[in-house]
């Protein structure tokens, strides 16, 4: 049937307006267009965030430069601190022998007499220092030979424990035994293994870093 | 009909492609923001660390310098020919060739009457080693001497301390007891 009342343009326009396919296309375009709003919103916020963080980065870099400039003023102190840190294991590993001898003097029982005291370092670790190495012992062996008056043999245990209390933490009793001897005296042998830990406060030693009390 | 299908398909593809591209750009933007945020946090932590270090150095400057001076003075005093001349008493036959190393660190021992002898130093070790001995010191004089030397040189190591009562002195004797003393002393040297 011929359409005598409508022009072809009008038919085409009506076809675009009413046909399902074109409506679907319109819907797709409309949805895509509407989705531009959140996309635009997120794009704006992202851009703002990016700008804010870029500004912050610039501030942080400026702060870093300023800190580095301030740090230059402390270059000498830093170098000294670094040198002290290099020396630190050497000082920490040094057992104050005089304090050990003083501890023996303080704890030895009145009924004991000492014949020989030996303090010897062993198991060295070579630490790097400027120009070479320096050996630091890992263990000190303290051996004490002496005698107790006859009838006071039990004082060896007291002496052993009392001296151990005065030695640095980690000191171990390796041997504590009574030996054969003349009737009037009971010889003994006492051996400790002492690991230098750097904390010698039980020996009554002041820390090197502490201000001098004198 | 074919045209309509192509038109619909084309519209969907273009819309989806456009949206996909926008989402991709958004995701890239978020990633960039996140990376920037991480970098800033890292930088902030580093700045705080440096600031803490500066503050620590500022507060501890006097202590660090005092400690350094104390330690390095020990080194200089022990090593150089320096202004600290050793009193070369007959009791101290320091007959090493490198007498430039005769140091204040052992001067205290020689002055106290110990006989001091340098010994060979292992290769690569920055030290001078001495063996010292005496039979003229009592315990109550020896301990302060060792303490004094240990305090004077913080790098002074006694590798061996051997004290023994002479056989001629009976146990529990109240007479003065001069101990047989043998020491191995090691000092850190500078370059």
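Residue-wise test of (1) facing chain B (nearest Cβ under 10 Å); (2) farther than 30 Å from residue B:124 by Cα.
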residue: A:119; (1), (2): yes, no
residue: A:136; (1), (2): yes, no
residue: A:147; (1), (2): yes, yes
residue: A:171; (1), (2): no, yes
residue: A:174; (1), (2): no, yes
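Please go through the stretch B:145-176 and give me each residue that is at the interface with another protein chain (Cβ under 8 Å from one of its Cβ atoms), modelled with pLDDT of 90 or more and within 28 Å of residue A:187 (Cα to Cα), ordered by number.
B:146, B:158, B:159, B:160, B:161, B:162, B:163, B:164, B:165
Please tell me if residue B:92 is modelled with pLDDT of 85 or more and more than 30 Å from residue A:77 (Cα to Cα).
Working: modelled with pLDDT of 85 or more: no; more than 30 Å from residue A:77 (Cα to Cα): yes.
Taking the combined requirement at face value, the residue does not satisfy it.
Residue-by-condition table, conditions (1) in contact with a strand residue (DSSP E or B) (Cβ under 6 Å, 6 or more places away or on another chain); (2) within 30 Å of residue A:185 (Cβ to Cβ):
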position	(1), (2)
A:75	no, no
A:81	no, no
A:99	no, yes
A:110	no, yes
A:115	yes, yes
A:122	yes, no
A:136	yes, no
A:152	no, yes
A:159	no, yes
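So which residues in the stretch B:133-144 are closer than 19 Å to residue A:105 by Cα, surrounded by 17 or more Cβ atoms within 10 Å (Cβ to Cβ) and either more than 9 Å from chain A (Cβ to nearest Cβ) or in contact (Cβ under 8 Å) with a residue 40 or more places away in the chain (or both), if there are any at all?
Those that are closer than 19 Å to residue A:105 by Cα, surrounded by 17 or more Cβ atoms within 10 Å (Cβ to Cβ) and either more than 9 Å from chain A (Cβ to nearest Cβ) or in contact (Cβ under 8 Å) with a residue 40 or more places away in the chain (or both): B:137, B:139.
Considering every residue within the stretch A:7-17, establish whether at least one is facing chain B (nearest Cβ under 7 Å) and part of a helix (DSSP H, G or I). Working first, answer last.
So in the stretch A:7-17, the residues facing chain B (nearest Cβ under 7 Å) come out as none.
No, the conditions are met nowhere in the stretch A:7-17.
Could you tell me whether residue B:24 is over 42 Å from the mean Cα position of the chain (by Cα), at pLDDT below 90, on the phi < 0 side of the Ramachandran plot and loosely packed, with under 14 Cβ neighbours inside 10 Å? Outline the logic, then answer.
Numbers: over 42 Å from the mean Cα position of the chain (by Cα): yes; at pLDDT below 90: no; on the phi < 0 side of the Ramachandran plot: yes; loosely packed, with under 14 Cβ neighbours inside 10 Å: yes.
For residue B:24, the condition - over 42 Å from the mean Cα position of the chain (by Cα), at pLDDT below 90, on the phi < 0 side of the Ramachandran plot and loosely packed, with under 14 Cβ neighbours inside 10 Å - is not met.
Pick from the stretch A:77-104 the residues that are more than 7 Å from every other protein chain (Cβ to nearest Cβ) and not in a helix (DSSP H, G or I): which of them is nearest to residue A:142 (Cα to Cα)?
A:95
Would you kindly identify the strands (runs of 3 or more DSSP E) lying entirely within the stretch A:108-194 that contain at least 3 residues that are surrounded by fewer than 15 Cβ atoms within 10 Å (Cβ to Cβ) and at pLDDT 90 or above? Full working, then the answer.
Values: elements: A:112-129, A:132-149, A:172-178, A:185-194.
In the stretch A:108-194, A:112-129, A:172-178 are the strands (runs of 3 or more DSSP E) which contain 3 or more residues that are surrounded by fewer than 15 Cβ atoms within 10 Å (Cβ to Cβ) and at pLDDT 90 or above.
The values are calculated or read from the model by the stated rules, or taken from the named source; none is laboratory data. Given the structure is predicted, the values throughout are model-derived calculations rather than measurements. Virtual Cβ from ideal backbone geometry, glycine too; neighbours counted across all protein chains shown.
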